[in-house]
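Take a look at the structure set out below.
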Amino acid sequence: MDVKSIKEKEAEVEIWQYVFGFTPMAVVKCAIELGIADAIESRGGAVSLPDLASAVACSPFALGRIMRYLTHRGFFELHESTNQYSNTPLSLLLLKSGANTLAPLFMLEASPWMLAPWHGLSARASSNGGSGFKAAHGEEIWDFGSHNPAQSKLFNDGMACHARRAVSEIVERYGEVFEGIGCLVDVGGGDGTALHCIVEVCQWIRGINYDLPHVVSAAQQRQGVEHVAGDMFEHVPNADAAFMMVYTSSVP
């Protein structure tokens, strides 16, 4: 077989990775929705397929195929001696209540709202500006969330998930930047998680969490954090310093 034929065969094999490229995201999303990692943890860290299927109210046959795929991808481990599944460091990131969970952020990016702009990428590339989200939904993500509570919660939960990890790292490594600040306003602070992470460590700071009305109205009360509604493009509350955390979404 000549070199060209070998490359053509390799290309034919590789293209299937793109044909079924949606599969990993879809199956991991399924695992989060079913709460597979949580079910394993709640049952002592090891569980058989029949018991797991009962725990997550799923068909054993369907779950078996899901677990076979996820085990192959490193999310779970099957112990042949006991025929039981256990979690791995990868699946522990899917725990809905885990301290280091990435499940909310994953669910945000895997949602129909965030994936829709990708289906219009070719049209977006041919246009002369405007966001992909607006092109797909007719309005920007902030306006869309104001009358779509489910999407708004998904977005805020995802941002809170990101904030818990990122801000904790910032405070731990660069905590000195907050010294001397009496009042700190988090501009576009979502549900206040980022600011809470800061004032929890820097207890001398009075925090103002500033975001759109529909966002702060659903935010839980946190010690040391005052929720204030408004539009940052029109006004920002007075404070000694402003904090703004930017998350680069996958939306094109």
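Throughout, read-outs are computed from the coordinates displayed, never taken from laboratory work. What you see is a predicted model, and the numbers here were worked out from it, not measured in a lab. Every residue, glycine among them, receives a Cβ derived from its backbone with ideal geometry; neighbour counts consider all protein chains shown.
Could you name the lysines whose alpha carbon sits less than 18 Å from that of LYS153, not counting residues in the same chain fewer than 8 places away?
LYS29, LYS96
Sticking with the crude label model, points 7 Å out along Cα→Cβ, report the distance from VAL27 to ALA123 in nm, one decimal please.
3.2
Provide the per-residue ³J(HN,Hα) series for the range 25-38, in order, calculated from phi with Karplus coefficients 6.51, -1.76, 1.60 and θ = phi - 60°, each as a whole number of Hz, with x at glycine and proline positions.
4, 5, 6, 5, 4, 4, 4, 5, 4, 6, x, 5, 4, 5
Only bridges whose two residues both fall in the range 102-252 count here: according to DSSP, what percent of them are antiparallel, nearest 5?
Among the beta bridges of the range 102-252, antiparallel pairing accounts for roughly 5 percent.
Where does helix 60-72 land angle-wise versus the long Cα axis of the chain, in degrees 0 to 90, nearest 10?
The two axes meet at around 80 degrees.
Name the residues whose placed amide hydrogens come within less than 5 Å of the amide hydrogen of SER48, ignoring near sequence neighbours (fewer than 5 apart) on the same chain.
Correct list: TYR85.
In vacuum, with every alpha carbon of the chain counted as one equal point scatterer, what does the Debye formula give for log10 I(q)/I(0) at q = 0.14 Å⁻¹? Two decimals, please.
-1.06
Residue-wise, which Karplus ³J(HN,Hα) couplings in Hz belong to the range 93-105, taking 6.51 cos²θ - 1.76 cosθ + 1.60, θ = phi - 60°, and x for glycine or proline?
The phi angles translate into 6, 9, 4, 5, 10, x, 4, 10, 4, 10, 4, x, 5 Hz.
Given 0.36 nm per residue, what is the gain on full extension from SER131 to SER217 after removing their alpha carbon distance, in nm?
Here the segment from SER131 to SER217 would lengthen by 28.3 nm.
What percent of all Cα-Cα pairs in the range 114-252 falls in each 10 Å bin, counting up from 0?
Bins of 10 Å from zero give 12, 38, 30, 16, 4, 0 percent of pairs.
Counting other beta carbons within 10 Å of each residue's own, what order do PHE76, PHE133, PHE178, PHE61 fall into, fewest first?
Listing PHE76, PHE133, PHE178, PHE61 from fewest to most nearby Cβ atoms yields PHE61, PHE178, PHE133, PHE76.
What per residue convex hull volume, in Å³, comes out for the range 1-47 when only alpha-carbon positions are used?
Normalising the Cα hull of the range 1-47 by residue number yields 91 Å³.
Of the beta bridges DSSP finds with both residues in the chain, what % are antiparallel, to the nearest 5?
35
Given Cα pairs under 8 Å that are at least 6 residues apart, what percent is the relative contact order of the range 102-252?
Relative contact order here is 24 percent.
Could you tell me the extents of the range 3-96's C-alpha atoms along the three principal axes, largest first, rounded to whole Å?
Each principal axis gives a Cα extent; for the range 3-96 these are 54, 28, 25 Å.
Under a 5 Å amide H to amide H cut-off, with H placed in plane at 1.01 Å, what residues pair with CYS183 once short-range neighbours are removed?
ARG206, ASP240, ALA241
Based only on other Cβ atoms within 10 Å, what is the fewest-to-most ordering of TRP142, TRP118, TRP113?
TRP118, TRP142, TRP113
Which net charge results for the neighbourhood of LEU115, defined as the other residues with beta-carbon distances under 13 angstrom from its beta-carbon, given Lys and Arg at +1 and Asp and Glu at -1?
0
For TYR247 and GLU12, FRET efficiency with R0 = 45 Å and r from the beta-carbon atoms, rounded to 0.05?
Given R0 = 45 Å and the Cβ-Cβ separation, E is 0.75.
What does the net charge come to around SER91 if you take all other residues with beta carbon closer than 15 Å to its beta carbon, with K and R at +1 and D and E at -1?
Computed value for this residue: +1.
Using label points projected 7 Å from each Cα along Cα→Cβ, tell me how many nm separate PHE20 and PHE61, to one decimal.
Placing both labels 7 Å along Cα→Cβ, they lie 1.9 nm apart.
Taking the Cβ of each residue in GLU41, GLU139, GLU169 as the centre, tally the other Cβ atoms inside 10 Å and list the residues starting with the fewest.
GLU169, GLU139, GLU41
When only C-alpha pairs under 8 Å and at least 6 residues apart count, what is the relative contact order of the chain, in percent?
Rounded, it is 13 percent for the chain.
How large is ³J(HN,Hα), in whole Hz, for each residue of the range 219-229 in order, when computed from phi with the Karplus curve 6.51 cos²θ - 1.76 cosθ + 1.60 and θ = phi - 60°, using x for Gly and Pro?
So the J values, rounded to whole Hz, are 7, 6, 6, 10, 4, x, 10, 9, 8, 10, 8.
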